[in-house]
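The values are calculated or read from the model by the stated rules, or taken from the named source; none is laboratory data. These numbers come from a predicted model, not from an experiment. Cβ: placed from backbone, ideal geometry, glycine included. Neighbour counts: every protein chain shown. Ligands, DNA and RNA are stripped out before the accessible areas are found, and what is left, the full protein with its side chains, is counted by its heavy atoms. Shrake-Rupley method; radii C 1.70, N 1.55, O 1.52, S 1.80 Å.
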Amino acid sequence: LEIIRFIEGSNSPPDRIVKDFFRSRKYLGSHDRRTIAGAVFGLLRHRRFAETLLDHFIQSHPGSEILSDPSLKALPLLVCYSELIDPGVKIPQAFWATHFPKNDHSQFTEWIREHSSLDFLEADGTEKMGIIYSFPDWMVKAWNERLGNETEDFLRALNAPAPTTLRVNILHADRSECRQRLKEEGIDTEPTIISPAGLTAAKRFNSDASPAYKEGWFEIQDEGSQLISLLVRPGPGDVVVDACAGAGGKSIHMAELMNNRGEIIALDIDPRRLNNLRKRAERARITIIRTGASDDFPPGELAGKADIVLIDAPCSGSGTIRRNPGLKWSITPSLVRHYSELQLGILERSAPFIKAGGMIAYATCSLFTEENEAVVSAFLKKNPGYGLIPINERLASYNLSNQAPPHAAQHSALTASVIPAGSLRAANDSTFTLFPHRSSTDGYFIAMMKKIS
C-alpha cells in the first residue's frame, strides 16, 4: 500500500520506485520482495477492472463511500486483485477491519466474486474488453481494428509478467556453455525459441550478483529485441551507425555478430545514456564501438560512410507494457502523434549516413501503426531513392513467417504485418511486427530499406 501511494504521487516509473523502496529496506527478504512487487505490478495491470468492481459495489451499498477515500482506496482494490486475479496475495481480514471497521469484509468479497463477470455493465465489446483487461478504450479500439478476434489473446499477453531473458555473448561462450555456467550458480534457464543466443531464466534473479554476468558472459535482453539485430545481419568489417543507441544493447549485440571486426558508431541525443554502453562494452570485451552525442560529429563527417544505419527509435513503448504496466495510462494519442513526428525526423536526419547500396533499419518497441508503418510510408514517399527490402528470407532463418497468423498454441510461426498495396513504392514490400501473444516476446516492429540511388 505504501508503494502504491508513492507511485500515485510520483511521475517516476513504477519499477524505479519499487527498486528504490526495496533498496532502502534491506530487512525485506527475496520472497517478500517478489510477493510485494508481484502485488503492486499485478494491481497496475488490472486496476481498471478492480476500480470498476469497487465503484459499482459502492453505488449499490450505501454507507460504503469510505472505500473510495483516496488515502485508503488501494486496499479494497488490492482485495479485488487478490480475490479474483492472484489468490497468492493475502490481505488479512484484521488489516481490513483496522481501516474499515464499519464495512464488512465478507460482504465485499462475496459481492465482487459474484459480479466478477461484470454482469452489471452496459458496454459495447470494445469498452468491455478495455475494462476486463484494464486498457484505455482508444488502445483497445486501435488494436481491435488490426487484430480482430486475436485482440483478447493480445491484451491477455500484454497483462502477463514478462520473463527474464538473457543474450549469451557468443564471442565468449556458446549457449550451452553459458547455460551450464549459470546452472552452477543456481540459475536455471531454457533456450529461447527464436534467438539462437537467448536463454530464459526460470525465475527472476539479480544479474549484478552473477559472476558470469560480471565476466561478460551474458546481457539481459528480451528475445524480441535480440531479433532486431539478427534481422539486420551486420557482418565482420561493416560500418554501422546505431543512431539511437541509448544504453547500447543492440550495439553490443551487433558487435558480437560482427565478430568484433569493423566499426559501430553509437549515437544518442543524450550523451549520459551512453555511459552505460561503454561499461557494458568493456565487460563484453567489445572494442569496435565508438560513442558520441548526435551533435558531436560535424556536418558531413558521417555522410555516405555506413553500410548499415539502425534507428531503434524513441517511441511510446507500447510493446513493453508487459514490463511497464503503468504505460497503459501514460501513453496518449497525442503522445503517439508526437513520437511519429519525432521518428520521421530522425529517419530523415540519419539517412544521409548510408552509402549507396547500404541499408537503413527502422525499429520501434511500439505496436501502433502511426509509429511504424505510417512513418516508413511517409519516409519513402519523401525519399524515392530508398526501397523496402523484402524480409521473408531473413525471417525464415528464425522459423518466422509473414503468412497467416498461427494457431494460439503454435509458438514458432509468427506473423509480419504487410503494408497494404499502393501505400508504399512496391506492393510486395513488407514490414515485420512481433506481437506478444504470438511470440511470447515484447512487441517490436522493423522495416529495412535499401539506398537505391
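Here is how the numbers come out for the structure above:
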read-out: Subset of segment 310-359 [surrounded by fewer than 14 Cβ atoms within 10 Å (Cβ to Cβ) and closer than 17 Å to L267 by Cα]; value: G345, E348, R349
read-out: Those residues of segment 168-214 which are in contact (Cβ under 8 Å) with a residue 24 or more places away in the chain and among the acidic types (D, E), in sequence order; value: E185
read-out: Where F154 falls short, out of the listed (1) closer than 30 Å to L335 by Cβ; (2) surrounded by fewer than 18 Cβ atoms within 10 Å (Cβ to Cβ); value: (2)
read-out: Test: residue in segment 218-228 that is over 18 Å from the mean Cα position of the chain (by Cα), small (G, A, S) and within 26 Å of S366 (Cβ to Cβ); value: no
read-out: Enumerated helices (runs of 4 or more DSSP H) restricted to segment 179-279, each holding at least 3 residues that are open to solvent by 10 Å² or more (accessible area, probe 1.4 Å) and either out of contact with any Gly (no Cβ under 7 Å at 6 or more places or on another chain) or at pLDDT below 95 (or both); value: 211-214, 249-257
read-out: Residues satisfying the stated conditions in segment 37-71, i.e. outside any helix (DSSP H, G or I) and under 25 Å from F21 (Cβ atoms); value: D69, P70, S71
read-out: Test for F95: is it among the aromatic types (F, W, Y) and either touching a Pro at 6+ places or on another chain (Cβ under 7 Å) or outside any helix (DSSP H, G or I) (or both); value: no
read-out: Residue within segment 54-70 that is of a type outside the set (S, T, Y), surrounded by 15 or more Cβ atoms within 10 Å (Cβ to Cβ) and within 21 Å of the chain's Cα centre (by Cα) present; value: no
read-out: Odd one out for F135, checked against (1) open to solvent by 70 Å² or more (accessible area, probe 1.4 Å); (2) within 27 Å of the chain's Cα centre (by Cα); (3) at pLDDT 95 or above; value: (1)
read-out: Condition check for D174: open to solvent by 20 Å² or more (accessible area, probe 1.4 Å) and either of a type in the set (A, V, I, L, M) or within 21 Å of Y398 (Cβ to Cβ) (or both); value: yes
read-out: Scan of segment 104-118 for residues that are open to solvent by less than 90 Å² (accessible area, probe 1.4 Å) and free of Cβ contacts under 8 Å to residues at least 40 places away in the same chain, ordered by number; value: D104, H105, S106, T109, S117
read-out: Verdict on S423 being of a type in the set (G, A, S), in contact with a helix residue (DSSP H, G or I) (Cβ under 8 Å, 6 or more places away or on another chain), modelled with pLDDT of 50 or more and not in a helix (DSSP H, G or I); value: no
read-out: Any hit, segment 50-59, residues being in contact (Cβ under 8 Å) with a residue 40 or more places away in the chain and farther than 22 Å from P325 by Cβ; value: yes
read-out: Residues being in contact (Cβ under 8 Å) with a residue 24 or more places away in the chain and either surrounded by fewer than 12 Cβ atoms within 10 Å (Cβ to Cβ) or not in a helix (DSSP H, G or I) (or both) - total across segment 72-92; value: 5
read-out: Segment 272-294: number of residues that are more than 24 Å from P236 (Cβ to Cβ) and free of Cβ contacts under 8 Å to residues at least 24 places away in the same chain; value: 3
read-out: Extreme residue, nearest to P163 (Cα to Cα), among residues of segment 285-301 that are hydrophobic (A, V, I, L, M, F, W, C) and open to solvent by 10 Å² or more (accessible area, probe 1.4 Å); value: I286
read-out: Residue satisfying condition, being under 20 Å from L227 (Cβ atoms) and surrounded by fewer than 20 Cβ atoms within 10 Å (Cβ to Cβ), within set N372, N399, N383; value: N399
read-out: Residues that are surrounded by 13 or more Cβ atoms within 10 Å (Cβ to Cβ) and not charged (D, E, K, R), drawn from segment 29-43; value: T35, I36, A37, G38, A39, V40, F41, G42, L43
read-out: Yes/no for S316 being over 23 Å from E219 (Cα atoms), at pLDDT below 95 and within 22 Å of the chain's Cα centre (by Cα); value: no
